[in-house]
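Can you read through this structure? Questions will come right after.
Every read-out reported here was derived from the displayed coordinates using simple, explicitly stated rules and does not represent laboratory data. Because the structure is predicted, anything quoted here is derived from the model rather than measured. Here the Cβ is made from the backbone with ideal geometry for all residues, glycine too, and neighbour counts use every protein chain on show.
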Amino acid sequence: MYHAHVQPEHEPTEIPFGERPIEDVMRSLWDELPTPGNFRSIQNCSSGRHSVVELEQPRAQYCVGDPLNVLVNTRDYRGTPKAYGGDLILARIHSPELQASASGEVTDLRNGSYRVRFHLFWPGNVQVSVILVHSSEAVQILRRISAHNYDKIIYTGTFYNGSKREESQCGVRLKTDKSLCEYGRKEDAEYYACFPPATLPCNTLRTMRSRNGPVSNLTRDEYQLLSQ
């Protein structure tokens, strides 16, 4: 965690952003991920405790609206520098006394290092926090099981009409040739469906609950990595 002092000299600039369909965002994220080395053991995975975070070109004083760059150099559990990217890293600046915070833009340099760019939006003391959420190896494991285990999360929809209540299985992808109760919003690119309940119509769906089904294609080391 780093500290910086910000002076209120000029107003921050706005950063425009655009909206994209969820499917396009997820596809672009997977396509942009670098291919990590072979997962051999947890010791070869990125370690937040051993990785190094430092300010790029630190200054004694910053002004509101200035950029603040942080460099993250990842290392594995043995302390060896990583040579490829793909880690899931979250970063933010925050001032607890002001209850103010802002996220940083993380750029994967694809060589084990990441540049995090912040914009300083308020004056005063600012703390920088960086979190390694998942190593690149864990990300690839999650990608694999999400592609092959989408049916391992079991959704149950509850349909109501007055005092009558019926339940039916729901999901994003249901394996059937029969007609389904389909729900979705084109503007959000969202879709899910349910098997029709016994007697009630599709528009009586009111609640949804989920539970985890069995997932059996994780090795012991993979399970341990995801449990950390």
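Past the 18 angstrom mark, what percentage of all C-alpha to C-alpha distances in the stretch 151-218 do you count?
42
Here's a follow-up. Where the only charges are on Cβ atoms (+1 Lys, Arg; -1 Asp, Glu), what is the dipole of the stretch 151-218 about its Cα centre, to the nearest 20 debye?
200
Can you run phi through the Karplus equation (6.51, -1.76, 1.60; θ = phi - 60°) for the stretch 96-109 and list ³J(HN,Hα) in whole Hz, with x for Gly and Pro?
x, 5, 9, 6, 10, 7, 8, 7, x, 8, 9, 10, 7, 7
May I pose another question? If I model a spin label as a point 7 Å beyond the Cα along the Cα-Cβ vector, how far apart are those points for Thr176 and Leu218 in nm?
Spacing of the two 7 Å Cα→Cβ label points: 2.9 nm.
In addition: Between Leu226 and Ser41, how many nm apart are label points set 7 Å from Cα along the C-beta direction?
Each label point is offset 7 Å from its Cα along the Cβ direction, giving 2.2 nm.
Assign unit charges at the C-beta atoms only (+1 for Lys and Arg, -1 for Asp and Glu), then state the dipole size of the stretch 63-193 relative to its Cα centre in Debye, rounded to the nearest 20.
380
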